[in-house]
Amino acid sequence: MRRAFLNRVAEMIRSEPDTTYFTVDIGMWAIRDVLRDYPARCTNVGIYEDGMFSVAAGMARRGLVPTIFGIQPYLIERTLEQIKMDFAYQKLGVNVVGTGAAVDYPKYGYSHYCAEDAAVIKQIPGCEFVAPGSAKQFLQLFDQSYRNGHPTFFRVSDHPNTVHDPDVEFGKAVVVQRGSRATVIAVSVMLDMVMEACAGQDVTVLYYTTLEPFDGKTLAENCPSGKVLLCEPEYAGTLDHDVLSALSGRPVQIDSVAFPREIFRNYGTYDEKMEHYGLTAERIRQTLGALV
């Protein structure tokens, strides 16, 4: 996904003179020619996320279209005041692309984890949150939304889906499979394992890549049982409010396969962490079995 994003940014800077790009000491080598050729609009600002956000806000106020790239926890948590006051309060269109989703950088420890990113951004009215599951989906979602005038946060992952890669639309869920006994929501990079777990099951599978705004209409139209299994690569409970709102007035039973709400103090590879915290096809199969 990172490579697809950086290629798209290089193309954007070269062909769209009202766009700007900032990075914080990451991804410079991949677009070094653009950084050299367009220094007024394409800059590595160094380790300075909060200042970068305010500069981008100023450019957006002047009618430019800024895109920012960095590591997810620093883009979300270090700059929270700037997100709230510079972006959301002033209703500015800025694109924030973060790498290092959840536990994508396991060897660097807790400072580089960000399982809370979607929940934090969803609490700031007016902000949008996008979590593509593949490079193709990132390009589709970015192209559909980068000029929409809203602060839009893109979570890119180094561990995309490799089997299931449907076309996606910003703000819309994809109905991947229909059934009657439960509705399984697969978020972003969880789609492959959800489809493995749901093979041969009489359940509906909905695939979400836009988490804010949440497509409650598709869920309401595709949840005959009132039973929902949320499979999300972020903290458990991130989408509970959206599900309950979409199914308001109906009996609802929710279970989840997601990261537990705790500080991650252990160490290991990405796959070991996913196994340890139960984000696996086997865990989804077991949880779904109990739900239905």
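Considering only segment 46-92, state which residues are among the aromatic types (Phe, Trp, Tyr) and free of Cβ contacts under 8 Å to residues at least 12 places away in the same chain.
89
Residues in segment 10-40 that are at pLDDT 95 or above, in contact with a strand residue (DSSP E or B) (Cβ under 8 Å, 6 or more places away or on another chain) and not aromatic (Phe, Trp, Tyr): 12, 13, 16, 18, 19, 20. Would you confirm whether any residue within segment 79-88 is assigned to a loop (DSSP other than H, G, I, E, B) and under 17 Å from residue 154 (Cβ atoms)? Yes, some residue in segment 79-88 is assigned to a loop (DSSP other than H, G, I, E, B) and under 17 Å from residue 154 (Cβ atoms). Just one residue in the set 35, 64 is of a type in the set (A, V, I, L, M, F, W, C), over 30 Å from residue 270 (Cα atoms), in contact with a Ser or Thr (Cβ under 6 Å, 6 or more places away or on another chain) and crowded, with 16+ Cβ neighbours inside 10 Å; that residue is 64. Inspection of segment 129-144 identifies no residue that is farther than 21 Å from residue 207 by Cα, modelled with pLDDT of 95 or more and assigned by TED's automatic domain parsing to the domain that holds residue 62. Within segment 215-239, the only residue that satisfies the criterion of being in a helix (DSSP H, G or I) and either among the basic types (Lys, Arg) or closer than 26 Å to residue 158 by Cα (or both) is 217.
Of all the listed residues (226, 216, 237), the sole one being among the small types (Gly, Ala, Ser), within 19 Å of residue 169 (Cβ to Cβ) and modelled with pLDDT of 95 or more is 216. For segment 262-292, filtering for residues that are part of a helix (DSSP H, G or I), loosely packed, with under 14 Cβ neighbours inside 10 Å and in contact (Cβ under 8 Å) with a residue 12 or more places away in the chain leaves 3. Restricting 153, 87, 53, 69 to residues that are closer than 18 Å to residue 170 by Cα and either modelled with pLDDT under 95 or among the aromatic types (Phe, Trp, Tyr) (or both) narrows the list to 153. Only one of the numbered conditions (1) surrounded by fewer than 24 Cβ atoms within 10 Å (Cβ to Cβ); (2) closer than 20 Å to residue 292 by Cα; (3) free of Cβ contacts under 8 Å to residues at least 60 places away in the same chain; (4) β-branched (Val, Ile, Thr) is not met by residue 228, and that is (1).
For the structure I just gave you, tell me whether residue 160 is out of contact with any Cys (no Cβ under 9 Å at 6 or more places or on another chain), closer than 30 Å to residue 68 by Cα and touching a residue at least 12 places away in the same chain (Cβ under 8 Å). Yes, satisfied. Does segment 128-151 contain any residue that is part of a loop (DSSP other than H, G, I, E, B), surrounded by fewer than 17 Cβ atoms within 10 Å (Cβ to Cβ) and under 15 Å from the mean Cα position of the chain (by Cα)? No, there is no match, as no residue in segment 128-151 is part of a loop (DSSP other than H, G, I, E, B), surrounded by fewer than 17 Cβ atoms within 10 Å (Cβ to Cβ) and under 15 Å from the mean Cα position of the chain (by Cα). Filtered by the rule that a residue be among the acidic types (Asp, Glu), surrounded by 22 or more Cβ atoms within 10 Å (Cβ to Cβ) and part of a loop (DSSP other than H, G, I, E, B), segment 96-127 gives a lone residue, 104. In segment 265-277 there is at least one residue that is in contact with a strand residue (DSSP E or B) (Cβ under 9 Å, 6 or more places away or on another chain) and over 17 Å from residue 157 (Cα atoms).
The values are calculated or read from the model by the stated rules, or taken from the named source; none is laboratory data. All figures in this text were calculated on a predicted structure; none of them were measured in a lab. Quick reminder, even Gly has a Cβ in these numbers, built from the backbone with ideal geometry, and neighbours come from all protein chains shown.
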